[in-house]
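Take a look at the structure below.
Read-outs throughout are calculated quantities, based only on the coordinates presented, and are distinct from any laboratory measurement. Just so it is clear, the structure is predicted and the values come from calculations on it, not from any experiment. Here the Cβ is made from the backbone with ideal geometry for all residues, glycine too, and neighbour counts use every protein chain on show.
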Amino acid sequence: MTHVFQTLSPGLVMSAVESLDIWPTSEPFALNSYENRVMMFRDEHGSQWIIKFYRPERWQDATIQEEHDFLVELSQAEVPVATVWRDRRGQSLHHYEGYRFALFRHCPGQAPELDNDAHLFALGELMGRLHAVADKGTFTHRPRLELLEGVRDAQQRVFDSQRLDRHQRRGYESVITRMLEALLPYQWGEEAMIRCHGDCHLGNILGRDEHFSLVDFDDCLMAPAIQDIWMLLSANEPVEWRRQISEIVEGYEETRPFPHQQIELIEPLRAYRLIRHSAWLVSRWQDPAFQLAFPWVADKGYWDQHIRQLEQQLLVLKKPQWLA
């Protein structure tokens, strides 16, 4: 089967950039990205750029534009994000040979250290500033994080993939059924929804010292604010977990009140991400990049391990480790 990025050659990438009157000095360097194709290049003036080619048929133009408009809004409010480039007409989403793409200013730096109190405080402050701007508007075209609906959709995609044998299918169906029951109490109202980055893992936060920027808003959506915070809490021991959350809260409250009432959503959101991740992998399996990067998905042992992982997460949902 022909995959969606088959014709995206280095020459086509160069021509797409040049169509905007920006002149690369060498072929683009591919970065680790699977949902889209993301590359870095240097122009004739020595400036570094990131170019992102969006996966065809995933988002509508209006959905992508809403991401870009959010980035512009954040930049204007001096929230440190990877700035999207706009041409003389103010357009940020560009088209070339059937592909949609955008350019971003390169954000140099490294990921924060989650055992560093100063970094945790800075991350809390960054999230507070992000949400202070996010709270002033809403997304119309972007997705909404809905726990039960998202889990059911993921379950169906896994079943449709035919990756599970009969025994695994029974085990997976059983654990998902119990997961849905366990998640039922963790529903939130419209008042809890806010524009969120949506994917705040360490790979999407770059900087130096205590100065960090957010990159890759491709998954931005409407969600509870804690969605942008829980992945920054890496500790397994309760004492260490409380230390991390304390620093983040202190930084966050430099700008706005911390959503303490949403802490109970951390483990439900972790469960949601675990389930959605495996569904995402099988949904993209026809893309050779996924087969190269995640070969274990084709192994029976991966699904046995995934089912065990979900069983363990069910136990954590009943008694979160941070309550110990």
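Just to confirm the filter: which GluC sites (Glu not before Pro) across the stretch 61-96 are DSSP coil and have at most 13 other Cβ within 10 angstrom of their Cβ? Intermediate values should be presented prior to the final figure.
Details: sites: E66, E67, E73, E78; in loops: E78.
Of the GluC sites (Glu not before Pro), the ones in loops of the stretch 61-96 whose Cβ has at most 13 other Cβ atoms within 10 Å are E78.
Using a Gaussian network model of the chain whose springs link C-alpha atoms within less than 10 Å, name the residue from Y54, Y272, Y186 with the highest mean-square fluctuation.
The residue with the greatest mean-square fluctuation here is Y186.
Whole number please: convex hull volume per residue of the Cα set in the stretch 1-42, in Å³?
Value for the stretch 1-42: 74 Å³ per residue.
I need R195, R144 ordered by Cβ neighbour count within 10 Å, fewest first. Kindly include the intermediate steps, with their values, before the conclusion.
Details: R195 26, R144 12.
The fewest-first ordering by Cβ neighbours comes to R144, R195.
For the stretch 117-323, what proportion of DSSP beta bridges, expressed in % and rounded to the nearest 5, is antiparallel?
90
Could you state the principal axis extents of the C-alpha atoms in the stretch 55-201, from the largest down, to the nearest angstrom?
57, 47, 33
Candidates (1) 32.3, 104; (2) 20.6, 59; (3) 21.4, 83; which is the computed Rg and Dmax of the Cα atoms in Å?
Correct label, based on the coordinates given: (2).
Sort out for me the Cα centre separation of the stretch 209-264 from the stretch 85-108, rounded to whole Å.
Comparing the Cα centres of the stretch 209-264 and the stretch 85-108, I get a distance of 30 Å.
Put +1 on the Cβ of every Lys and Arg and -1 on every Asp and Glu Cβ in the stretch 117-184; which of H141, L120, T177 then has its Cα farthest towards the positive end of the dipole?
The residue sitting most towards the positive pole is T177.
Would you please calculate the Kirkwood hydrodynamic radius of the stretch 203-324 over all C-alpha pairs and express it in Å, rounded to one decimal? Before the final figure, lay out each step's value.
Numbers: mean 1/r = 0.0591 Å⁻¹.
After inverting the mean inverse Cα-Cα distance, the result is 16.9 Å.
Pick from E191, E125, E173 the residue whose mean-square fluctuation is largest in a GNM of the chain, springs joining Cα atoms under 10 Å.
E191
Can you give me the Cα centroid spacing of the stretch 265-324 and the stretch 16-70 in angstrom?
Spelled out, the Cα-based centre of one part sits 29 Å from the other.
Can you put T25, T63, T138 in order, fewest other beta carbons within 10 Å first?
Working: T25 10, T63 16, T138 13.
Sorted ascending by nearby Cβ count, the order is T25, T138, T63.
Under 19 Å Cα to Cα from K318, which aspartates and glutamates show up? Leave out anything in the same chain fewer than 8 places away.
Straight-distance partners of K318: E181, E237, E264, E267.
Of F290, A192, G207, whose Cα points farthest to the positive end of the dipole of the chain (charges on the beta-carbon: +1 Lys, Arg; -1 Asp, Glu; origin at the Cα centre)?
Value computed over the given set: F290.
About the Cα centre of the chain, what is the dipole size in debye to 20, counting +1 per Lys and Arg Cβ and -1 per Asp and Glu Cβ, all else neutral?
On the way: 34 positive and 48 negative charges, 213 e Å.
Here the chain has a charge dipole of around 1020 debye.
Could you put M14, M127 in order, starting from the residue whose Cβ has the fewest other Cβ atoms within 10 Å?
On the way: M14 17, M127 28.
Ordered from fewest to most neighbouring Cβ atoms within 10 Å, M14, M127 come out as M14, M127.
What spacing in nm lies between the two simple spin-label points modelled at E57 and H167, each 7 Å away from Cα in the Cβ direction?
With each label placed 7 Å out from Cα toward Cβ, I get 3.6 nm.
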